[in-house]
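The values are calculated or read from the model by the stated rules, or taken from the named source; none is laboratory data. What you see is a predicted model, and the numbers here were worked out from it, not measured in a lab. Here the Cβ positions follow ideal geometry from the backbone for every residue, glycine too, while neighbour counts run over all protein chains shown.
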């Protein structure tokens, strides 16, 4: 008998987005166990904050569908969208081994300290993705 709580229900659209996000996450080759970190993040949000999970899945898919023309590799967009609603505490706990995603998420909190761990071209990329996400969130 499991002592884990049942996952909170998502909207039909949220369930569909979640299934797509899980499928995309499992299909990509990524560094530093980002796939596993993302899976744990999704599972955590599913149990604790389904509204934030729905927003995170929507943003990850939106960025990869409609903004991928700004990058050859859509993975930074996807993972930045997936973790965009993480708190500073969650960023510290979950993204310390994922410098690009960490830098972008910290920038969303007005903190540029994550950029220090990136080379110059990656800093520009992080700045651009964070600005793109901010713009989307302001107009949504």
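Any residue in the range 93-122 that is at pLDDT below 95 sitting within a Cβ distance under 6 Å of a residue that is in a helix (DSSP H, G or I)? List the pairs, counting only those 6 or more apart or interchain.
Hits for this filter: 117/99.
List the helices (runs of 4 or more DSSP H) inside the range 75-121, counting only whole elements, that have at least 1 residues being under 9 Å from the mean Cα position of the chain (by Cα) and under 14 Å from residue 37 (Cβ atoms).
Of the helices (runs of 4 or more DSSP H) lying wholly inside the range 75-121, those with at least 1 residues that are under 9 Å from the mean Cα position of the chain (by Cα) and under 14 Å from residue 37 (Cβ atoms) span 75-83, 99-108.
Identify, please: which residue in the range 29-41 is touching a helix residue (DSSP H, G or I) at 6+ places or on another chain (Cβ under 7 Å) and touching a residue at least 24 places away in the same chain (Cβ under 8 Å) and is, among those, surrounded by the most Cβ atoms within 10 Å (Cβ to Cβ)?
38
Picking from 63, 47, 18, which residue would you name as being modelled with pLDDT of 95 or more and assigned to a helix (DSSP H, G or I)?
18
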